[in-house]
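S.K.: The structure follows.
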Amino acid sequence: MKQLLSAISLLLFIIPFAAAQETVDMAMMQKIKDEEKNNSQVKMIAHNITDVCGPRLTNSPGYNRALDWVTEICKTWGLQNAGREAWGEFGKGWSNEQGTLALKIPYYENIIAYPVPWCKSTKKAVRTELIMLDALDSANIDKAGAAIKGKIVMIKPGGTTIPDAFKAYATRYGDSSLDNLPDEYMISRKEIEQFLPLIKSAYYSSLYLEKKGAVGLLRSSRGSHDGTVFVDGGTGYATGYQATLPEMKISVEDYYKMMRLLQDNKKVELEMNVQNTFYDKDLTGYNVVAEIPGTDPALKSQVVMLGGHLDSWAGGTGATDNGAGCIVMLEAMRILKALGVQPKRTIRIALWGGEEQGLYGSFGYVKKHFGNPQDMQLKPEQQTISAYYNLDNGSGKIRGIYTQSNPAVRDIFRSWLLPFADMGANGGVTNSNTGSTDHISFDAVGIPGFQFIQDPLEYETRTHHSNMDTYDHLIIADLQQAAVIVAAFVYNTAMRTDMLPRKPLPKAERFVFDFDFPI
């Protein structure tokens, strides 16, 4: 009876695979599951990338610690060619050594505040009055005149109330099909061009504000409530661009309170202490790579790639953005190596730098190895990459995958997901696109680049670019599930008879995030 049930179960798996004309090694899929269940290193990897390395702003000490740690752990696992790979010039590193803000008048209160990356330091702890401008632009700065000198400045907020507390931060997708998900995180070059004048205005207005004598700048956002503060930005890393005056992002509750006090003509006095260090000895940007070499004489020159961005912002320790993706991809490599897999094609992991500033690391790698989408003069290596798999949407489990408008892979991916339906990956394969992360660097030069569908959890509402982006907001079980599925996808891609089918080559055009001004 047990043998009969096993045979029936096997047939239930084989039939849909046959329909898709895709062979899946079910024994290997089970080995991958068992290796993760019995020997998972997800917690160890997560602890080191977040707690030990700390914030990983590109070219900061934390980022360099992460590059070194990833290199050493990959070598320990027996991966080949592990180490840094330069992709071009990034610019200066930066780290915050001290950042405090306190209300002194009308009474004392410690304020939740975080320095904006690449801002300057205060000369010492500065105690001074707070004033408010209607907007951060030259007209309002000039209107304030001499009142700005020696003061800390805040900008009048657009709203006056925090969101209600009746909506949950975290969500998961239901069990219904995810095949028809719409495009996500897609932004066009034209849309960025429309915002570019605002980005430039904010930068140059900050410089002008300092020129007029301001000693600090405070800002907030409507989402920075209930202890969460979203903090990113800064252009001072780029060669030729000055650092801006000391700036801190604060909780919206404190921001609104100080606004009300000023509107009531009450004196508000603050003490700000921001101490930062800039690192300019090596302006080169680095990724970190490692490989499991291919073994088939005819196919080993072909490559399957997987990755995520290693850099983060500095308010937290970059756990969900994107320590999570790096944890999963490293664990997937460990699983395959631990199982003694002898892939036909080479399997290469790449963890990227400079993603937060515009996909710099992956785009630099693509230009170096495969070609520039601006002219589509492609290099021979472009023909050798079967696929690139990316993970960069937080800590949620994998529920499916975007085909990135490549319908030829839909049935293949559906077959590959079926063995993991019992783990929550119930076959969601959407022909939609998702953007704003590193797979689009590959897609831009005609290489199949894919991002997985993940449960949203609290990624956008609480952890993304915030002080809450820490180890404790990782869902370890979800990362373990994701590592299993990524390992399976990478294995299947490496062992297929053919490379994955490709879309027609895109037309030559400048890359979506490739601008002369640092965005």
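The values are calculated or read from the model by the stated rules, or taken from the named source; none is laboratory data. Note that this is a predicted model, so its numbers are computed, not measured. Cβ coordinates were reconstructed from backbone atoms using ideal geometry, including for glycine residues, and neighbour counts include every protein chain displayed. Areas reflect the complete protein model, heavy atoms only, side chains present, ligands, DNA and RNA absent. Shrake-Rupley method; radii C 1.70, N 1.55, O 1.52, S 1.80 Å.
S.K.: Can you return the lysines within cross-link range of K507? Criterion is Cα-Cα under 20 Å, with same-chain partners fewer than 8 residues away left out.
M.R.: Partners within reach: K190, K367, K368, K379.
S.K.: Continuing with the same structure: How high is the relative contact order of the chain, in percent, counting Cα pairs under 8 Å that sit 6 or more residues apart?
M.R.: Values: 1146 pairs, mean separation 116.2, N = 519.
Across the chain, relative contact order equals 22 percent.
S.K.: Go from 0 up to the bin containing the longest alpha carbon distance in the range 247-385, width 5 Å each, and give me the % of pairs per bin.
M.R.: 2, 8, 12, 14, 14, 12, 10, 7, 6, 5, 4, 3, 2, 1, 1, 0
S.K.: Sticking with this one: Between L209, S436, G54, whose Cα lies farthest towards the positive end of the dipole of the chain when Lys and Arg beta carbons carry +1 and Asp and Glu beta carbons carry -1, centred on the Cα centre?
M.R.: L209
S.K.: How much accessible area per residue does the chain have, in Å², with a 1.4 Å probe?
M.R.: Details: 21490 Å² over 519 residues.
Value returned for the chain: 41 Å² of accessible area per residue.
S.K.: Here are labelled values, (1) 1.15; (2) 1.04; (3) 0.93, and one is the computed Cα Rg over 2.2 N^0.38 Å for what I pasted. Which one?
M.R.: Correct label is (2).
S.K.: Mind listing which trypsin sites (Lys or Arg not before Pro) in the range 231-279 are in a DSSP loop and have 12 or fewer other Cβ atoms within 10 Å? Don't jump to the answer; show the numbers that get you there.
M.R.: Values: sites: K249, K257, R260, K266, K267; in loops: K266, K267.
Passing both the DSSP loop test and the Cβ count: K266, K267.
S.K.: Moving on. Could you tell me what percent of the accessible area of the chain is made up of carbon and sulfur, with a 1.4 Å probe and every protein chain present?
M.R.: 52
S.K.: Can you compute the radius of gyration and Dmax for the range 394-519, using only the Cα atoms, both in Å?
M.R.: For the range 394-519, the Cα-based Rg and Dmax read 16.2, 48 Å.
S.K.: Sticking with this structure for a sec: Using the alpha carbon gyration tensor of the range 311-406, what are the three equivalent-ellipsoid semi-axes (square root of 5 times each eigenvalue), largest first, in whole Å?
M.R.: Values: eigenvalues 111, 88, 36 Å².
For the range 311-406, the ellipsoid semi-axes come out as 24, 21, 13 Å.
S.K.: Quick check on my link table: of K151/K281; K75/K344; K167/K397; K143/K267, which ones sit more than 31 Å apart, alpha carbon to alpha carbon? Working shown, then result.
M.R.: Values: K151/K281 33 Å; K75/K344 21 Å; K167/K397 22 Å; K143/K267 20 Å.
Beyond 31 Å between Cα atoms: K151/K281.
S.K.: With everything on Cα atoms, drop me the angle between helix 252-263 and the longest principal axis of the chain, reported from 0 to 90° to the nearest 10.
M.R.: 20
S.K.: Quick check: convex hull of the Cα atoms in the range 176-276, volume per residue, rounded to a whole Å³?
M.R.: Details: hull volume 20.7 nm³, N = 101.
Spread over its residues, the Cα hull of the range 176-276 gives 205 Å³ apiece.
S.K.: Which semi-axes, in whole Å and largest first, does the equivalent ellipsoid of the range 243-324 have when worked out from the alpha carbon gyration tensor as the square roots of 5 times its eigenvalues?
M.R.: Working: eigenvalues 487, 59, 14 Å².
Three semi-axes, in Å: 49, 17, 8.
S.K.: For the range 20-70, list log₁₀ I(q)/I(0) at each q in 0.17, 0.26 Å⁻¹, using the Debye formula over Cα point scatterers of equal strength and ignoring solvent, two decimals each.
M.R.: -0.64, -0.90
S.K.: Here is a follow-up. Report, in whole Å, the centroid distance computed from the Cα atoms of the range 485-519 and the range 193-266.
M.R.: Here the two parts' Cα centres lie 36 Å apart.
S.K.: Order these peptides, 512-518, 377-383, by their mean beta-carbon neighbour count within 10 angstrom, highest first. It would help to have the intermediate numbers written out before the result.
M.R.: Details: 512-518: 15.9, 377-383: 13.7.
Answer by packing, highest mean first, reads 512-518, 377-383.
S.K.: Relative to the Cα centre, what is the charge dipole magnitude of the range 128-186, using +1 at the beta carbon of each Lys and Arg, -1 at the beta carbon of each Asp and Glu, and rounding to the nearest 20 debye? It would help to have the intermediate numbers written out before the result.
M.R.: Numbers: 6 positive and 9 negative charges, 97 e Å.
Roughly 460 debye for the range 128-186.
S.K.: Only Lys, Arg, Asp and Glu count, each charged at its Cβ (+1, +1, -1, -1), so figure out the dipole size of the chain about its Cα centre, rounded to 20 debye. Could the numbers behind the result be given before it?
M.R.: On the way: 53 positive and 58 negative charges, 115 e Å.
With Lys and Arg at +1 and Asp and Glu at -1, about 560 debye.
S.K.: For the charge dipole of the chain, defined by +1 on Lys and Arg C-beta atoms and -1 on Asp and Glu C-beta atoms about the Cα centroid, which residue among V303, P501, A86 has the Cα displaced farthest towards the positive pole?
M.R.: Farthest towards the positive pole: A86.
S.K.: Assign one of three labels to the range 279-352, namely rounded, prolate or oblate, based on the Cα gyration tensor with a ≥ b ≥ c the square roots of its eigenvalues; rounded applies when a/c is under 1.5, prolate when it is not and a/b is larger than b/c, and oblate otherwise. Don't skip to the answer; put the middle values down first.
M.R.: On the way: a/c = 3.55, a/b = 1.81, b/c = 1.96.
Here the range 279-352 falls in the oblate category.
S.K.: After finding the eigenvalues of the alpha carbon gyration tensor for the range 219-265, what semi-axes result from the square roots of 5 times each, listed largest first in whole Å?
M.R.: Numbers: eigenvalues 144, 43, 7 Å².
That gives 27, 15, 6 Å for the three semi-axes.
S.K.: Continuing with the same structure: Per the Debye formula with a single identical scatterer at each Cα and no solvent contribution, what log10 I(q)/I(0) holds for the range 102-145 at q = 0.30, 0.31, 0.32 Å⁻¹?
M.R.: With no solvent term, the Cα-only Debye profile gives -1.05, -1.05, -1.06.
S.K.: Right, another one. Which value, in debye to the nearest 20, gives the size of the charge dipole of the range 439-494 about its Cα centre, when Lys and Arg are +1 and Asp and Glu are -1 at the Cβ?
M.R.: Approximately 180 debye in magnitude.
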